[in-house]
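Student: If you scroll down you'll find the structure; I have some questions about it.
The values are calculated or read from the model by the stated rules, or taken from the named source; none is laboratory data. Being a predicted model, the structure only gives us computed values, none of them experimental. Every residue, glycine among them, receives a Cβ derived from its backbone with ideal geometry; neighbour counts consider all protein chains shown. When the accessible area is computed, the model is the full protein with side chains, heavy atoms only, and any ligands, DNA or RNA have been set aside. Shrake-Rupley method; radii C 1.70, N 1.55, O 1.52, S 1.80 Å.
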Amino acid sequence: MSTPPNSLRLPVALLTYVGWTLVTLFGMRWASDGSKKPLVETLTHGLSWNLVMAVGVLAFVTLAMRWRDLKFVAPRPASSLLILWFPALYLLAFALLPAFFGLPPAATMLFIALNTALVGLSEEWMFRGVLFQGLRSRLAMWPAILLTSLLFGAVHILNVIVTGHLGEAIVQAVAAFMSGMLLIALLIRTGSIWVPIVYHALWDLGTFV
């Protein structure tokens, strides 16, 4: 089968972004009782099926478009992982906090771990994978980096649909833009999307725990 033309790369990536967003946000409402609730509650009281559906959308589009450049490879070189020494300090701080506040119940911990792993996979696949590579097909490196991070931040404003708190959603959006810059740096410096996926999942795990 022939490879889809490069001219389709960005339009398909943007359409995927819209579809992924709709599935992630409205799937969350569909899978719950439809009421607005804090994000922490949506991740600690069962498997977030909207995240499963979002990953399914990304897998379908990636396979259908035969995108093989999303960096689902090992870090190259392995020494590039040394860049993690400073970001890892944040994860260490998160790991130490339960020593003071205690851990949630085992069942809650299980759901947090499963759901934050899905968040890390889904969001990194969408933004540092599909969207970033789509933008790179038309833009230079820095414009693609900034636009990817801006769109990553912007989508978090839509959390107001779930929580009902606009101020909280804006704060999350600003924080997401800044963390998005870190995550895309990890992708570029290590050459592997697995690094930001794992870091993102561990960051969220520490935050919710």
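Residues checked against (1) more than 11 Å from the chain's Cα centre (by Cα); (2) at pLDDT 95 or above:
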position: V160; (1), (2): yes, no
position: G164; (1), (2): yes, no
position: A169; (1), (2): yes, no
position: L183; (1), (2): no, yes
position: R189; (1), (2): yes, yes
position: Y199; (1), (2): no, yes
position: L205; (1), (2): yes, no
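Student: Given the options L183, L147, L151, name the one that is surrounded by fewer than 19 Cβ atoms within 10 Å (Cβ to Cβ) and closer than 23 Å to V61 by Cβ.
Tutor: Of the residues listed, the single one that is surrounded by fewer than 19 Cβ atoms within 10 Å (Cβ to Cβ) and closer than 23 Å to V61 by Cβ is L147.
Student: Hey, another quick one. Going by the structure shown, is G134 at pLDDT 95 or above, in contact with a Leu (Cβ under 6 Å, 6 or more places away or on another chain), small (G, A, S) and on the phi < 0 side of the Ramachandran plot? Before you say what the answer is, go through the steps one by one.
Tutor: Numbers: at pLDDT 95 or above: yes; in contact with a Leu (Cβ under 6 Å, 6 or more places away or on another chain): yes; small (G, A, S): yes; on the phi < 0 side of the Ramachandran plot: yes.
Yes, satisfied.
Student: If you don't mind, there's one more thing I want to ask. Among the residues of the range 42-90, how many are farther than 28 Å from P5 by Cα, open to solvent by 50 Å² or more (accessible area, probe 1.4 Å), assigned to a helix (DSSP H, G or I) and of a type in the set (A, V, I, L, M, F, W, C)?
Tutor: Residues flagged as farther than 28 Å from P5 by Cα, open to solvent by 50 Å² or more (accessible area, probe 1.4 Å), assigned to a helix (DSSP H, G or I) and of a type in the set (A, V, I, L, M, F, W, C) within the range 42-90 amount to 7.
Student: Considering A169, A113, which residue is over 23 Å from W194 (Cα atoms) and surrounded by fewer than 22 Cβ atoms within 10 Å (Cβ to Cβ)?
Tutor: A169
Student: Under 7 Å by Cβ, and 6 or more places apart or on different chains, what pairs join a residue from the range 66-91 that is within 18 Å of E124 (Cα to Cα) and acidic (D, E) with one that is at pLDDT 95 or above and surrounded by 13 or more Cβ atoms within 10 Å (Cβ to Cβ)?
Tutor: D69/Q133
Student: Only residues that are open to solvent by 40 Å² or more (accessible area, probe 1.4 Å), out of contact with any helix residue (DSSP H, G or I) (no Cβ under 6 Å at 6 or more places or on another chain) and touching a residue at least 60 places away in the same chain (Cβ under 8 Å): list them for the range 94-110, please.
Tutor: Hits for the range 94-110 are A95, L97, L103, M109.
Student: Let me ask you something else. Go through the range 174-199 residue by residue and tally those that are in contact with a Gly (Cβ under 7 Å, 6 or more places away or on another chain) and more than 16 Å from M126 (Cα to Cα).
Tutor: The number of residues fulfilling the criteria is 1.
Student: Among the residues of the range 28-39, is any under 19 Å from the mean Cα position of the chain (by Cα), of a type in the set (A, V, I, L, M) and at pLDDT below 95?
Tutor: yes
Student: Would you check which residues across the range 151-209 are touching a helix residue (DSSP H, G or I) at 6+ places or on another chain (Cβ under 8 Å) and aromatic (F, W, Y) and list them?
Tutor: F152, F177, Y199, W203, F208, listed by residue number.
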